[in-house]
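Inspection log for the structure reproduced underneath, given as structure tokens.
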Amino acid sequence: MTLRDLPQTSAGAPISQPIPEEASLAAAAGEAFVYALPLIEMAAVRRNSLGRTGLQNTLSHQRDLIDHRARWVTTPNNDTLYSVAWLDLTQGAVRLTIPPTGDRYFSTALMDVYTNNNAVLGTRTIGNAGGTFTIIGPDQTGSGPDVVRVATPHAWLLIRTLVDGTADLVAARRIQDGFRLEGPSGSRPNDHAERNAGAPALFASIQRLMASDPPPATDTAILRRIAASLQPTVPAAAEAIAQGVAAARTALMSGGRRLEFIDGWSYPRANLGNFDQDYRYRAAVALWGIGALPVAEAMYMRAAGNLENGFFDGAADYQLHLPARLPLNGFWSLTMYEVADDNQLFLTENALGRYAIGDRTDGLLRNADGSITIWIGRGDPGGDRTANWLPAPKRGPFSLIMRCYLPRQEMLAGRWRLPPVREAAG
């Protein structure tokens, strides 16, 4: 990464600083990796979801709930159908039509390539009557309640449509069919990066991504620090940069052990989904749960595992006892994830085809007081417990994430907490 190659910010301010001592190169390289990781992960998701034939500015629908075969995005939910479009606003605005959805929950997130939610159009914000919205880029003109401005020329449009069990799929698909996206013909993006690439290739990819979607002017300070340091002219400097990237990568990949837990759960920060200058948190979310909604829309809680790396020992059995009602206006689900080699999380194959348990699970059994006990483990607990069994991976550790959609103030403010996941009695 050289000073000559660094892009300007979106405000057009050139980034220029004298070259520092080599001792600071590793730290600056690590900071650059943390800053740019959301762009890298967004580019990877875009490449995976577009596949070989998909174009930008084209809406595509996932017609079934995601299962264990999906690897295009980490920590997917098993509650909603996804509809996805990758927007290229460089040639002009696009128009989004949202259909009436009755009493069905939906959300339409518009994210810039730095993973900030620039808008969420859905049940919470616009109601369920539908409407038509014009989406414009940072340099385009337009105003009004039906105009949505995105901070970067390229963006991710991600629609979630709630499904109330498999019998509801046909009706949910009809809702999907009512969404429309109109605009300039899309192209296929060429720029992508691999988070595990060597430093020279990695920073070359980052350069291209940042040139296509310049950072905001509010990021000038960190960009100056990066530009001042990443100008290697001798092998020792290149080695220091590689070491800095490796250290930052390792720290982020082992982030599960650094989470703060309350009663056995980590809770999202208030700035989830709109990170401002919280670059490390932004990078961690891009790695572990890219596409996360703001907390007013959904809260994502990760359970504290009993292993040093923050995951659960898959050889043991566990239980979670939930009260009859949770403080939310939407719905909840507890999702099981297997741990991939890079510590990313995906749904796990099991005989029941059950990837999550929630308030819409078919046949869910409640206790006499209305509370719910969820049984978690590799083996079927048998009897009535099977109805509330969340199967764990056949081998290896696992992770649990609780989703609560449209949380109420007592949950948002931390006055209500989830009970811990406990090992089940033998």
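The values are calculated or read from the model by the stated rules, or taken from the named source; none is laboratory data. As the structure is a prediction and not an experimental result, all values here were calculated from the model. No Cβ is skipped: glycine too gets one built from the backbone with ideal geometry, and neighbour counts run over all protein chains shown.
The table that follows gives values for the structure above.
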item	result
Some residue of the stretch 211-227 being at pLDDT 85 or above, touching a strand residue (DSSP E or B) at 6+ places or on another chain (Cβ under 6 Å) and under 23 Å from GLY92 (Cα atoms)	yes
1 or more residues within 17 Å of VAL113 (Cα to Cα), in contact with a Lys or Arg (Cβ under 9 Å, 6 or more places away or on another chain) and touching a residue at least 60 places away in the same chain (Cβ under 8 Å): qualifying strands (runs of 3 or more DSSP E) within the stretch 147-207	154-162
Residue under evaluation ASP276, criteria (1) without any contact (Cβ under 8 Å) to a residue 40 or more places away in the chain; (2) at positive phi, criterion not met	(1)
All strands (runs of 3 or more DSSP E) inside the stretch 295-398 with 1 or more residues being over 26 Å from LEU162 (Cα atoms) and of a type in the set (Phe, Trp, Tyr)	318-322
Tabulated pairs, the stretch 366-377, first within 18 Å of ALA425 (Cβ to Cβ), second among the acidic types (Asp, Glu) and at pLDDT 95 or above, C-beta under 8 angstrom, 6+ apart or interchain	TRP375/ASP317; ILE376/ASP317; GLY377/ASP317
Complete set of residues in the stretch 387-426 that are surrounded by 14 or more Cβ atoms within 10 Å (Cβ to Cβ) and of a type in the set (Asp, Glu)	GLU423
Filtered residue count, the stretch 47-98, keeping only those that are out of contact with any strand residue (DSSP E or B) (no Cβ under 9 Å at 6 or more places or on another chain), of a type in the set (S, T, N, Q) and closer than 21 Å to ALA292 by Cβ	1
